[in-house]
Amino acid sequence: MKRLLLFIAAAAIVATSAMASGEKALKKLMNAEFAISQFYVDSVNENKLVEDAIKGMLEQLDPHSSYSTPEETRELDEPLEGEFSGIGISFNMLQDTLYVIQTIVGGPAESVGMLAGDRIVQVEDTVIAGMKMRNTKIMKMLRGKKGTKVNVLVKRNGSPELIPFRITRDDIPLYSIDASYMADDHTGYVKVSRFGKKTDEEFNNALNDLKKQGMDRLIIDLTNNGGGYLQTAVELANNFLDRGNEIVYTQGNNSPRFDANANGRGKYTDGSFRVVVMVDQYSASASEILAGALQDWDRAVIVGRRTFGKGLVQRPFRFEDGSMMRLTVARYYTPSGRCIQKPYTAGDRESYDKDIYNRFLDGELANADSIHMPDSLRYYTLKAHRLIYGGGGIMPDVFVPLDTTEFSDYYRDLVARGTINQYVIDYVDKHRKEIAGKYKKLADFDRNFVVDDTMLADLQAAGTRDSIALDTIQYQRSRNLIADVVKALIARDVYADTGAYNMVINHRDPIFKHAMEVINDKKRYESLLAPDAEAKE
């Protein structure tokens, strides 16, 4: 009841100038909750009643206003805050066993001697091996306050006895740069997975490192990046835009216009430093702010597919119990004035969630000609006056169709049932030292290691054991894809480098291949940023 009164009081403060009808609605809501709690025939859970009421109200609004419980709020905040307290491992749960993929350098687990390939079978007095526990439950057991201790028992290949470890939890960083490496002698590649509190620092560190390696052009990979903090997108855009260039502005009925402009301290504002941004249908929110700003100012070529189309700004309202309401308070606009929020019907979340699937059915993901934009959504870039569109995501300058030629049900089943992951775990267990000794550097492994027919035959046998019937036609269709995925997963495990997967697998990504072609062809790059034939006079 107390939380409801606080919620109503906060709403009342915001709405001091509300019309009488609004005040009556608030009073009606409070009276309804009071009547239910005092006179309903059975006992009620008032907290749940209030939560359900908040959820019900938000469901009638836009698709991005939402409510989260205290636990859900912590899970939402954690990736964006950039750290948590735990033991410092990356792991997979396969066949009911926790397998350590990587120990974080300098982290608590590494400091006591835990190794990649170890299997944690017990945490404190609880056996976790073979117990079919959810990942979230296991993470709760391993995580805890900094300075607290946790006891684990580990099974290690070659050791007949379980090994006990007593680990002191510490702050563990969560990185938002998944990979950064030199894609060729001149081209740096940076994969940004989210826009968190520390992303700008990570991004600048990555660029500084690549610069030392000879980078004079850059590919920023925002595919599958669902966004994060708006301010972080502004900070990343600062690197490439001149002082005073607008990056984004937000505005809503009850939120005055707010403009974010470049501060002029960017190191890569010179147009001779080529920039290509990779996007796809899952690039959303802050990803679209960054891509939209660089496109509007003709500062980068956007390559890929139309982005998600999330142009709504949420403000968090936190409650005393740790729960949170994220309420849409404004729309954001790119510098040219585009609002890229895709259309939605208030209260109809189901149709909104099917948008990407409908794009697939309509052929948009495979063919640019299937995208039809009305003239009312025409905009123009701010320097070259190229024609661009608003009204539902960022349209790329170079469209790249979704490639499904190597996909098959057989490959899907090998992935979905964890067969490929388990095969890689078993293979690395047996060959880790051999691989690391033969290929001293990841680049050597990438150039020379081959997933041969013997390995693939073993994988097929593993699939049969997992009740995945071998379909030879589908296997041949997906053979090269399967081999490349296996190789990339081996690289990630052996070299304890999250970027290893991208380095090995990127060569087969059509968006990456087009990005490389564009950025290494100066004439084509410049022509894509040249004035459009339909530009305004």
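The values are calculated or read from the model by the stated rules, or taken from the named source; none is laboratory data. Given the structure is predicted, the values throughout are model-derived calculations rather than measurements. Glycine also receives a Cβ, built like all others from the backbone with ideal geometry; neighbour counts cover every protein chain displayed.
Candidates Leu481, Leu489: the one that is under 23 Å from Tyr99 (Cα atoms) and touching a residue at least 40 places away in the same chain (Cβ under 8 Å) is Leu489.
The set of residues in segment 359-372 being of a type outside the set (D, E, K, R) and surrounded by fewer than 11 Cβ atoms within 10 Å (Cβ to Cβ) consists of Leu361, His372.
Within the bounds of segment 518-531, is there any residue that is within 18 Å of Ala179 (Cβ to Cβ) and crowded, with 17+ Cβ neighbours inside 10 Å? Yes, segment 518-531 has at least one match.
Specify the residue that is modelled with the highest pLDDT; the eligible residues are those in segment 112-133 that are surrounded by 14 or more Cβ atoms within 10 Å (Cβ to Cβ) and small (Gly, Ala, Ser). My answer is Ala129. Every test in (1) in contact with a helix residue (DSSP H, G or I) (Cβ under 8 Å, 6 or more places away or on another chain); (2) basic (Lys, Arg); (3) under 28 Å from Pro256 (Cβ atoms) is passed by Arg349 save one, and that test is (3).
Residues are listed down the side, and each one gets a yes or a no for (1) surrounded by 22 or more Cβ atoms within 10 Å (Cβ to Cβ); (2) under 22 Å from Tyr268 (Cβ atoms); (3) in the same structural domain as Leu115 (by TED's automatic domain parsing):
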| site | (1), (2), (3) |
| --- | --- |
| Gly147 | no, no, yes |
| Val152 | yes, no, yes |
| Phe165 | no, no, yes |
| Thr168 | no, no, yes |
| His186 | no, yes, no |
| Phe195 | yes, yes, no |
| Phe203 | no, yes, no |
| Lys211 | no, yes, no |
| Arg217 | no, yes, no |
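Looking across segment 287-311, just one residue is among the hydrophobic types (A, V, I, L, M, F, W, C) and at pLDDT below 95, and that is Phe308.
Filter segment 40-91 down to the residues that are modelled with pLDDT of 85 or more and of a type in the set (Ser, Thr, Tyr), then identify the one that is surrounded by the fewest Cβ atoms within 10 Å (Cβ to Cβ). Here the answer is Ser43. Among the residues of segment 476-484, are any modelled with pLDDT under 90, surrounded by 16 or more Cβ atoms within 10 Å (Cβ to Cβ) and touching a Ser or Thr at 6+ places or on another chain (Cβ under 8 Å)? Checked segment 476-484: no residue is modelled with pLDDT under 90, surrounded by 16 or more Cβ atoms within 10 Å (Cβ to Cβ) and touching a Ser or Thr at 6+ places or on another chain (Cβ under 8 Å). On the basis of being under 26 Å from the mean Cα position of the chain (by Cα) and free of Cβ contacts under 8 Å to residues at least 12 places away in the same chain, does Arg412 make the cut? So Arg412 passes the test. For segment 37-72, a residue qualifies if it is in a loop (DSSP other than H, G, I, E, B) and without any contact (Cβ under 8 Å) to a residue 40 or more places away in the chain, and the qualifying residues are Tyr40, Val41, Asp42, Ser43, Val44, Asn45. When segment 350-409 is filtered for residues that are part of a helix (DSSP H, G or I) and among the polar types (S, T, N, Q), the ones remaining, listed by number, are Ser351, Asn358, Ser370, Ser376.
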